[in-house]
Amino acid sequence: MTDAHAAPRGVGVVVVAAGSGSRLGASLPKAFVPLAGRPLLGWALDALGQLPGVRSVAVVVPEGLVNTAHAAWAGVGLPDPAVVVAGGADRTASVAAGLAALDPGCDVVLVHDAARCLTPSAVFERVVAAVRAGADGVVPGLAVVDTVKTVDAGGFVTGTPDRAALRAVQTPQGFRRAVLDAAHASGLGATDDAALVEALGHRVLVVEGDPRAFKVTTADDLDRAERMLAADAP
Ligand code: CTP
Ligand code: MG
């Protein structure tokens, strides 16, 4: 439910960085793998420094890395105020841990993958603006360039959805706090928070994403991110 008359009380940001990065296959958890000499997490947090109205940040990391004095944290600048908490067995559990650690006064919550480490702050701003404008849930998305097929368990095609109606979604995903809290309390599981919110019957708006918000998943993705930063360098 939206209350357009309620005063804005600030943005809370949950940055999930507690995954192991099994597909990247590095010796460190993915968020702590160096990209141009600094952990992915450091790059991911940079965007928050430029975002107006941030009241609280929860950074969710593997249990063994909760202590920011650990060497793996070198080069990560934590925003102020920020808390660091341990994640859970899957992404949904890690988001829930971050949500529980946010300042309860935040009325808008963003959930962001540390693995989308080069996401421009303009994407964060678009998402916040759309939540503030009244949407219960907002996700950044890009048009899909490939034709997509649905298939059955045997690999046979069951359909070809209209590509014009498809969006590949990214993070940060933004929500009214009460909506996201209810979605996590529902006990459902999903690969993103928007799907939990959709399952409760809320409408989720897609705003324009950005190619730089791609997720570092494999070694090729890490190379791509390195090339992007090299191209940015003066
Ligand atoms: N994540 C998390 N807690 C988990 C699993 C994932 O906080 N238990 C976070 C990751 O750190 C990442 C984001 O969710 O920032 C998206 O997940 P993904 O790209 O799948 O990262 P990993 O789970 O670490 O990678 P993989 O699936 O290859 O193991
Ligand atoms: Mg994963």
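The values are calculated or read from the model by the stated rules, or taken from the named source; none is laboratory data. Remember, it's a predicted structure, so these values are computed and weren't measured experimentally. Positions of Cβ are generated from backbone atoms using ideal geometry, with glycine treated the same way; all protein chains shown enter the neighbour counts. We work out accessible area using only protein heavy atoms, side chains counted, and drop any ligands, DNA or RNA first. Shrake-Rupley method; radii C 1.70, N 1.55, O 1.52, S 1.80 Å.
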Among Val148, Trp73, Gly49 - extreme Cα towards positive end, dipole of the chain, charges at beta-carbon: Gly49
Highest to lowest packing among 43-50, 87-94, 187-194, scored as the average C-beta count within 10 Å: 43-50, 87-94, 187-194
Hydrodynamic radius of the chain per Kirkwood, over alpha carbon pairs, in Å: 18.3
Convex hull volume of segment 55-178 per residue (C-alpha atoms, cubic angstrom): 169
With every protein chain in place, the chain: carbon and sulfur % of accessible area (1.4 Å): 55
Segment 11-232, accessible area per residue, ligands and nucleic acids excluded (1.4 Å, Å²): 45
Label-point gap, in nm, between Ala86 and Ala71 - each point 7 angstrom along Cα→Cβ: 2.3
Helix-only CD estimate at 222 nm, as mean residue ellipticity for the chain, using -39500 (n - 2.57) per DSSP H run (n ≥ 4): -8000 deg cm²/dmol
Peptides 171-177, 211-217 ordered by average Cβ neighbours within 10 Å, highest first: 171-177, 211-217
Mean separation of Cα contacts under 8 Å (6+ apart) over length of the chain, as relative contact order %: 23
Most mobile of Ala143, Ala135, Ala69 in a GNM of the chain (Cα contacts under 10 Å): Ala69
Estimated inter-spin distance, Glu125 and Glu226, nm [label 7 Å along Cα→Cβ]: 3.2
Proximal charge balance of Thr158 [Cβ under 11 Å; K/R count +1, D/E count -1]: 0
The chain, dipole about Cα centre (Lys/Arg Cβ +1, Asp/Glu Cβ -1), debye to the nearest 20: 120
Local electrostatic count, Asp221, Cβ distance below 14 Å [Lys/Arg +1, Asp/Glu -1]: +3
Extension gain (nm, one decimal) between Asp146 and Arg163, 0.36 nm per residue minus Cα-Cα: 5.3 nm
Accessible area (Å², 1.4 Å probe, nearest 10) - His202: 50
Residue-wise HN-Hα coupling along segment 200-208, computed from phi with Karplus coefficients 6.51, -1.76, 1.60 (Hz; x: Gly, Pro): 7, x, 7, 8, 10, 9, 9, 10, 5
